[in-house]
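K.L.:
Have a look at the structure that comes next, please.
The values are calculated or read from the model by the stated rules, or taken from the named source; none is laboratory data. In this text, all values refer to a predicted model and were calculated from it rather than measured experimentally. Heads up, the Cβs are rebuilt from the backbone with ideal geometry, glycines too, and the neighbour counts pull from every protein chain shown.
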Amino acid sequence: MKNITVIGAGTMGNGIAHTFAQCNYKVNLVDISEDSLKKGMATIAKNLDRMLSKEKISAEDKSNTLANITTYTSIKDAVSEADLVIEAATENIDLKLKIFKGLDEVCNANTILATNTSSISITQIASHTNRADKVIGMHFMNPVPIMKLVEVIRGYSTSDEVCDIIMKLSSGLGKEPVEVNDYPGFVANRILMPMINESIETLYNGVAGVKEIDTVMKLGMAHPMGPLQLADFIGLDVCLSILEVMHDGFKNPKYAPCPLLVNMVRAGKLGVKSKEGFYDYSQNRRAEDVSKQFV
């Protein structure tokens with residue numbers, strides 16, 4: 001594989017594009033607007049500068065990485081020679097189904113279609129194409145250039161050949177691919193999201209404050225960051241979406257989102273991306289607790 005197309009220039013998309021380009025793949029990065037593409041490329045450049053300052057890469061590495069990425073606003077143009085397309089759009093089932101239906105129509109018959117979805121059924125996505133054997137999940141972790149894990153999710157019809165290709169490809173990126181089966185939330189979020197949701201319930205029930213809950217989990221369980229800070233980092237809207245997918249998929253009340261999470265998302269308090277969630281990021285500070293107004 002030489003030519004990779006990444007759909008979506010947001011946090012995950014630009015991270016995936018960065019990772020492939022740094023490993024000398026030719027990457028086409030696609031988004032609906034030039035502004036989004038400019039922001040995505042600026043993020044990649046900023047992250048490369050950070051790596052350069054830490055002497056993890058050279059100036060030549062940075063220049064080559066950026067040169068390996070071409071931006072597009074047209075999916076059709078961006079996928080014409082793609083060996084692999086990775087969709088990293090918003091975690092919205094209707095949008096993903098529309099994208100994959102369109103990709104199936106314009107991509108070469110041998111092109112593998114992957115999704116970075118963190119919870120949505122690979123089998124359902126594949127059912128909207130005529131190449132279900134070539135549809136697979138590649139769930140990268142944020143921040144993509146740093147985090148080692150890639151969850152490789154097999155749909156019901158994903159072929160052994162395609163799974164083997166993606167496992168080897170992920171290893172070649174310096175990642176640790178783990179093959180999992182296609183059930184809501186897969187492994188990472190099936191375990192992580194109930195913990196985050198229970199942490200929010202603990203706050204909602206007044207057991208302890210934000211800082212206290214996170215401190216217990218950091219110092220008592222050796223987590224690098226507390227679950228509420230992690231939720232802010234992921235995006236509270238993303239957390240809510242994943243919980244809703246699992247609640248709908250399993251019909252089990254243990255996955256029902258906490259009312260506090262629902263209210264915060266409705267109020268636009270989404271975490272780092274909105275500058276306020278369980279912590280306040282507006283002045284690059286972490287407020288002890290900004291969520292009490294929603295309880």
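K.L.:
So, Thr65, is that one under 30 Å from Leu243 (Cβ atoms), in the same structural domain as Gln124 (by TED's automatic domain parsing) and either in contact with a Gly (Cβ under 6 Å, 6 or more places away or on another chain) or not in a strand (DSSP E or B) (or both) or not?
P.N.:
So Thr65 fails the test.
Here's the yes/no breakdown for (1) within 21 Å of Gly235 (Cβ to Cβ); (2) buried (at least 16 other Cβ atoms within 10 Å of the Cβ); (3) outside the structural domain of Leu169 (by TED's automatic domain parsing); (4) not aliphatic (A, V, I, L, M):
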| site | (1), (2), (3), (4) |
| --- | --- |
| Leu97 | no, yes, no, no |
| Lys101 | no, no, no, yes |
| Ile112 | no, yes, no, no |
| Thr117 | yes, yes, no, yes |
| Ile120 | yes, yes, no, no |
| Thr123 | no, yes, no, yes |
| Ala126 | no, yes, no, no |
| Ala132 | no, yes, no, no |
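K.L.:
Taking the range 81-92 only, how many residues are in contact with a strand residue (DSSP E or B) (Cβ under 9 Å, 6 or more places away or on another chain) and part of a loop (DSSP other than H, G, I, E, B)?
P.N.:
Residues meeting the conditions: 5.
K.L.:
Determine if the range 88-95 includes at least one residue that is of a type in the set (Ser, Thr, Tyr) and either surrounded by fewer than 18 Cβ atoms within 10 Å (Cβ to Cβ) or touching a residue at least 60 places away in the same chain (Cβ under 8 Å) (or both).
P.N.:
In the first step, residues of the range 88-95 are kept if they are of a type in the set (Ser, Thr, Tyr); the result is 90.
Those left that are additionally either surrounded by fewer than 18 Cβ atoms within 10 Å (Cβ to Cβ) or touching a residue at least 60 places away in the same chain (Cβ under 8 Å) (or both): 90.
Yes, the range 88-95 contains at least one residue that is of a type in the set (Ser, Thr, Tyr) and either surrounded by fewer than 18 Cβ atoms within 10 Å (Cβ to Cβ) or touching a residue at least 60 places away in the same chain (Cβ under 8 Å) (or both).
K.L.:
On to the next question. Please indicate, with yes or no, whether at least one residue in the range 197-214 is within 24 Å of the chain's Cα centre (by Cα), crowded, with 16+ Cβ neighbours inside 10 Å, in contact (Cβ under 8 Å) with a residue 60 or more places away in the chain and under 20 Å from Gly271 (Cα atoms).
P.N.:
Looking through the range 197-214, at least one residue is within 24 Å of the chain's Cα centre (by Cα), crowded, with 16+ Cβ neighbours inside 10 Å, in contact (Cβ under 8 Å) with a residue 60 or more places away in the chain and under 20 Å from Gly271 (Cα atoms).
K.L.:
To continue, here is another question. Considering only residues of the range 154-198 that are in a helix (DSSP H, G or I) and among the basic types (Lys, Arg), which is farthest from Ala21 (Cα to Cα)?
P.N.:
Restricting to residues being in a helix (DSSP H, G or I) and among the basic types (Lys, Arg), the top hit is Arg190.
K.L.:
For Leu260, are the conditions met, namely being in a helix (DSSP H, G or I), modelled with pLDDT of 95 or more and over 21 Å from Ser121 (Cβ atoms)?
P.N.:
Yes.
K.L.:
Further, regarding this structure: Answer yes if at least one residue in the range 171-189 is of a type in the set (Val, Ile, Thr), at pLDDT 95 or above and in contact with a Leu (Cβ under 9 Å, 6 or more places away or on another chain), and no otherwise.
P.N.:
Yes, because at least one residue in the range 171-189 is of a type in the set (Val, Ile, Thr), at pLDDT 95 or above and in contact with a Leu (Cβ under 9 Å, 6 or more places away or on another chain).
K.L.:
Please go through the range 201-231 and pick out each residue that is closer than 14 Å to Phe278 by Cβ and among the hydrophobic types (A, V, I, L, M, F, W, C).
P.N.:
Result: Leu203, Ala208, Val210, Ile213, Met217, Met225, Leu228, Leu230, Ala231.
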